[in-house]
Amino acid sequence: MKRQAEKKHTVAATRVETAQAVLPGHTNGMGTLFGGIVMQWIDVAAAIAAARHASGPVVTASMDRLHFLRPARVEEFVIVRAEVSYAAHSSMEVEVEVQTENPWTSERAVTTHAFLTFVAIDEQGRPRPVPALITETALERRRFREAAKRRAERLRERAHLARRPAHPKKKNG
């Protein structure tokens, strides 16, 4: 039984793949997918991956290194792939790759890449511990090490932002 429980916390166990069709209502006047819609699809897929690892509810703490590499166009399919790449005490980093797929040729191209951080929460909305992430391949171990470096950068940036004063209110008149 213990072996099955351990398998639950592998990178592979967190993988999520979703598919969407780009419809006219998802696009701007040029027929390309709105970035905000892509961000929503990324957030949902990443949240599912994090919740799988945490075995419970999670909240988005940050989205960073979001790169739009090429547009997705009306009538294409969008494939969103997400997996947990790192787990700390209560937080997890999820790496997401978005691809388009041509429905007639099945040709795929990477359109977007992002990293998101999620925090597992308890019933009162407070952070709660998550299990260690089990990496099984050299690629997963490399991504875990890289994610640890990104986490350190995010924590430094967050501390810097927390020390910044709020913008003063503008006076009318």
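Residues in segment 106-151 that are of a type in the set (D, E, K, R) and part of a strand (DSSP E or B): how many? I'd like the intermediate steps shown before the answer.
Within segment 106-151, the subset of a type in the set (D, E, K, R) is 107-108, 122-123, 126, 128, 136, 140-143, 145-146, 149-151.
Of the ones still in play, those that are also part of a strand (DSSP E or B) are 108.
Residues flagged as of a type in the set (D, E, K, R) and part of a strand (DSSP E or B) within segment 106-151 amount to 1.
Tell me, yes or no, whether segment 111-133 has at least one residue that is touching a Ser or Thr at 6+ places or on another chain (Cβ under 8 Å) and more than 28 Å from Arg145 (Cβ to Cβ).
No.
Can you list the helices (runs of 4 or more DSSP H) found entirely within segment 1-105 that contain at least 2 residues being crowded, with 17+ Cβ neighbours inside 10 Å and in contact with a strand residue (DSSP E or B) (Cβ under 9 Å, 6 or more places away or on another chain)? Give the derivation first.
Numbers: elements: 2-7, 11-14, 35-54.
Because the criterion is at least 2 residues that are crowded, with 17+ Cβ neighbours inside 10 Å and in contact with a strand residue (DSSP E or B) (Cβ under 9 Å, 6 or more places away or on another chain), the helices (runs of 4 or more DSSP H) in segment 1-105 that meet it are 11-14, 35-54.
Is there a residue being closer than 30 Å to Pro127 by Cβ and at pLDDT 95 or above anywhere in segment 68-79?
No: zero hits.
The values are calculated or read from the model by the stated rules, or taken from the named source; none is laboratory data. What you see is a predicted model, and the numbers here were worked out from it, not measured in a lab. Backbone-built Cβ (ideal geometry, glycine too); neighbour counts: all protein chains shown.
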